[in-house]
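S.K.: Take this structure, written in structure tokens, and hold onto it; I'll ask about it next.
The values are calculated or read from the model by the stated rules, or taken from the named source; none is laboratory data. Quantities reported herein were computed from a predicted structural model and do not represent experimental measurements. Cβ sites come from the backbone with ideal geometry, for glycine too, and all protein chains shown count toward neighbours. Ligands, DNA and RNA are stripped out before the accessible areas are found, and what is left, the full protein with its side chains, is counted by its heavy atoms. Shrake-Rupley method; radii C 1.70, N 1.55, O 1.52, S 1.80 Å.
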Amino acid sequence: MLSLTIKEVSLALREGKISPLELCRKCLKRIKKTQHLNAYITVTEELALKQAEEAESRLLQGSPKGILDGIPFAVKDNFCTENIRTTCASRMLKDFLPPYNATVVQKLLDQGAVLVGKTNMDEFAMGSGSTDGVFGPVRNPWSYAAPYREQSGAEDDSEWVITGGSSGGSGAAVTSLTSFLALGSDTGGSTRNPGALCGAVALKPTYGLLSRHGLIPLVNSMDVPGIVTRSTSDAAIVLEVLQGRDLKDSTTVQSPTSHAGFSEDFDVRNLCVGIPKEYHAPGLSQETLAQWSRLADLLEGAGARVREVSLPHTQHSIVCYHVLCCAEVASNMARFDGLEYGHRSTEDSSTDAMYAASRHEGFNAVVRGRILSGNFFLLQQNYERYFLKAQQVRRLIAEDFEHAFSAGVDVLLTPTTLSDAASYSHFIQEDNRTRSTQEDVFTQPANLAGTGRTPHGGTR
């Protein structure tokens, strides 16, 4: 039952083949069984059972709230959830209880979906492995699959692979069958990367299509709520529920008039698929390249027109992203001063000393490093050289995408990561910035441009 799609389990609930309470209990039992994955920071067992009981009552009366009524879901721990701990996997917010729900969370609850927990992540979503949070790293569920153990020769629990990040807990939650969908956030690939490495479908919607209200910000101009599911049709169902204008987020846009539903018999013969030549990047593994080529051949064989396109400023995108990301991080992290909310140090020799100690104790080295870099880029003598120049390059990157789509290309087919999931022991040999640069090379251009993107786990 836990491996069904959203559409299938929704039908089973309505037909009485399983009750919301039974389904909820199965998911909660599965969460306990897979605790070694460290996918969840907070499990909302009591709340989930209450919500499932209410859903069961509605279904018995024949008045479900929507297709998601009674279906368990999980939320990355940087989305505000009313009176439920929201930590961003940081000591800075270890006891933060938001007084409201993020808009996307509220929309799922309004549909009758059942919240089973808050998922693990990199601290303040700064990372690409879900290894740098205060609650410890997330383990990829596939690490414990027999084929992987045989192929890798792993004999004990010490050799496991990462989930990708920073929404690794959400990717692991869906793949390990503890929830039918999960929310992630995507600033430079943080939803798509775990989707690819965990074997799930992960959608980064176009900027503005989903509300950011209640998503604790990393980079306001790039942050997008992401969707993790087990199938493309499931992602389309969730997107239709979540999209639309929100008066609490001025960057949102009206939903497209066309129906967001996914057709199982979609005809690709009228589709033009672009293959960006610049994505044949250094470090791209032969296995990933082979999968990329295989998919292009499959689409062409099904009747789609596949042609090479150019996104000439791709080579500058990762540097541009780093500058703009750090600059906005420096601005957004300024609010965590230990005074109004968040961790406060016991240092009381002066206000300045309390500020400094609170931030040093509350943030890990990765966050502190990005704040320092951002403040450097924003110094008066550096502002034009770094920040403004990066904004100009960002416009060129966005224009590359616009030119490709205006030339008749409907979709771009690209890799998500350079290779498959690295072992944890190998991944931590390099620092966070180096790893993020490597893992985000294919994903962050879409955030800079504001376009939507969907990786499928089997294609990396």
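S.K.: In segment 266-280, which residue that is in a loop (DSSP other than H, G, I, E, B) and either among the acidic types (Asp, Glu) or crowded, with 16+ Cβ neighbours inside 10 Å (or both) is nearest to the chain's Cα centre (by Cα)? Reasoning before the result, please.
M.R.: Going residue by residue through segment 266-280, those that are in a loop (DSSP other than H, G, I, E, B) are 266-267, 271, 280.
Restricting the remaining residues to those that are either among the acidic types (Asp, Glu) or crowded, with 16+ Cβ neighbours inside 10 Å (or both) gives 267, 271.
Values: 267: 29, 271: 27 Å.
Among those that are in a loop (DSSP other than H, G, I, E, B) and either among the acidic types (Asp, Glu) or crowded, with 16+ Cβ neighbours inside 10 Å (or both), it is 271.
S.K.: So, one more: For the condition open to solvent by 70 Å² or more (accessible area, probe 1.4 Å) and assigned to a helix (DSSP H, G or I), what is the one hit in 394, 433? Talk me through it step by step, then tell me what you get.
M.R.: Values: 394 fails: open to solvent by 70 Å² or more (accessible area, probe 1.4 Å).
Unique residue meeting the criteria: 433.
S.K.: Among the residues of segment 318-335, write down those that are among the β-branched types (Val, Ile, Thr) and under 12 Å from residue 220 (Cβ atoms). Quick ask: steps written out before the conclusion?
M.R.: Step one: filter segment 318-335 for residues among the β-branched types (Val, Ile, Thr), giving 318-319, 323, 329.
The answer is 329, and nothing else.
S.K.: Any residue at all in segment 438-456 that is open to solvent by less than 60 Å² (accessible area, probe 1.4 Å), out of contact with any Cys (no Cβ under 6 Å at 6 or more places or on another chain) and more than 22 Å from residue 224 (Cα to Cα)? Walk me through it before giving the result.
M.R.: First, the residues of segment 438-456 that are open to solvent by less than 60 Å² (accessible area, probe 1.4 Å): 438-453, 455.
Subset that is out of contact with any Cys (no Cβ under 6 Å at 6 or more places or on another chain): 438-453, 455.
Subset that is more than 22 Å from residue 224 (Cα to Cα): none.
No, there is no match, as no residue in segment 438-456 is open to solvent by less than 60 Å² (accessible area, probe 1.4 Å), out of contact with any Cys (no Cβ under 6 Å at 6 or more places or on another chain) and more than 22 Å from residue 224 (Cα to Cα).
S.K.: Would you confirm whether or not segment 147-158 contains a residue that is free of Cβ contacts under 8 Å to residues at least 60 places away in the same chain, of a type in the set (Phe, Trp, Tyr) and open to solvent by 10 Å² or more (accessible area, probe 1.4 Å)?
M.R.: Step one: filter segment 147-158 for residues free of Cβ contacts under 8 Å to residues at least 60 places away in the same chain, giving 147-151, 153-156.
From the residues that got through so far, the ones that are of a type in the set (Phe, Trp, Tyr) too are 148.
From what's left, open to solvent by 10 Å² or more (accessible area, probe 1.4 Å): 148.
Checking segment 147-158: at least one residue is free of Cβ contacts under 8 Å to residues at least 60 places away in the same chain, of a type in the set (Phe, Trp, Tyr) and open to solvent by 10 Å² or more (accessible area, probe 1.4 Å).
S.K.: Looking at 308, 347 in this structure, which one is at pLDDT 95 or above, open to solvent by 30 Å² or more (accessible area, probe 1.4 Å) and assigned to a strand (DSSP E or B)?
M.R.: Numbers: 347 fails: assigned to a strand (DSSP E or B).
After ruling out the rest, the residue left standing is 308.
S.K.: Would segment 314-322 turn up any residue that is at pLDDT 95 or above, open to solvent by 30 Å² or more (accessible area, probe 1.4 Å) and in contact with a Pro (Cβ under 8 Å, 6 or more places away or on another chain)?
M.R.: No, every residue in segment 314-322 fails to be at pLDDT 95 or above, open to solvent by 30 Å² or more (accessible area, probe 1.4 Å) and in contact with a Pro (Cβ under 8 Å, 6 or more places away or on another chain).
S.K.: Which one of these is assigned to a loop (DSSP other than H, G, I, E, B), modelled with pLDDT of 95 or more and closer than 22 Å to residue 420 by Cα: 184, 188? If you could, list the steps in order and put the result at the bottom.
M.R.: Numbers: 184 fails: assigned to a loop (DSSP other than H, G, I, E, B).
Criteria check complete, one pass: 188.
S.K.: While we're looking at this one, here's another question. Does residue 132 fit the bill of being surrounded by fewer than 24 Cβ atoms within 10 Å (Cβ to Cβ), acidic (Asp, Glu) and not in a helix (DSSP H, G or I)? Steps first, answer last, please.
M.R.: Details: surrounded by fewer than 24 Cβ atoms within 10 Å (Cβ to Cβ): no; acidic (Asp, Glu): yes; not in a helix (DSSP H, G or I): yes.
In short, no.
S.K.: So, one more: Within segment 289-303, which residues are open to solvent by 50 Å² or more (accessible area, probe 1.4 Å) and in a helix (DSSP H, G or I)? Steps first, answer last, please.
M.R.: So the first thing to find is which residues in segment 289-303 are open to solvent by 50 Å² or more (accessible area, probe 1.4 Å), and the list is 290, 293-294, 297-298, 300-302.
Hits for segment 289-303 are 290, 293, 294, 297, 298, 300, 301.
S.K.: Note down all Cβ pairs under 7 Å where the first residue falls in segment 376-391 and is assigned to a helix (DSSP H, G or I), the second is β-branched (Val, Ile, Thr) and open to solvent by 70 Å² or more (accessible area, probe 1.4 Å), and they're at least six residues apart or on different chains.
M.R.: none
S.K.: How many residues does segment 137-174 hold that are of a type in the set (Gly, Ala, Ser), more than 25 Å from residue 444 (Cα to Cα) and part of a loop (DSSP other than H, G, I, E, B)?
M.R.: Of segment 137-174, the ones of a type in the set (Gly, Ala, Ser) are 143, 145-146, 152-154, 158, 164-173.
If we keep only those that are more than 25 Å from residue 444 (Cα to Cα) too, we end up with 143, 145-146, 152-154, 158.
Remaining after also requiring part of a loop (DSSP other than H, G, I, E, B): 145, 153-154, 158.
The qualifying residues number 4.
S.K.: Only one of these is within 30 Å of residue 344 (Cα to Cα) and open to solvent by less than 60 Å² (accessible area, probe 1.4 Å): 364, 375, 382. Name it.
M.R.: Values: 375 fails: open to solvent by less than 60 Å² (accessible area, probe 1.4 Å); 382 fails: within 30 Å of residue 344 (Cα to Cα).
364 is the lone residue from the list that is within 30 Å of residue 344 (Cα to Cα) and open to solvent by less than 60 Å² (accessible area, probe 1.4 Å).
S.K.: Can you name the number of the only condition in (1) touching a residue at least 60 places away in the same chain (Cβ under 8 Å); (2) open to solvent by 20 Å² or more (accessible area, probe 1.4 Å); (3) under 19 Å from residue 324 (Cα atoms); (4) not aliphatic (A, V, I, L, M) that residue 335 fails?
M.R.: (1)
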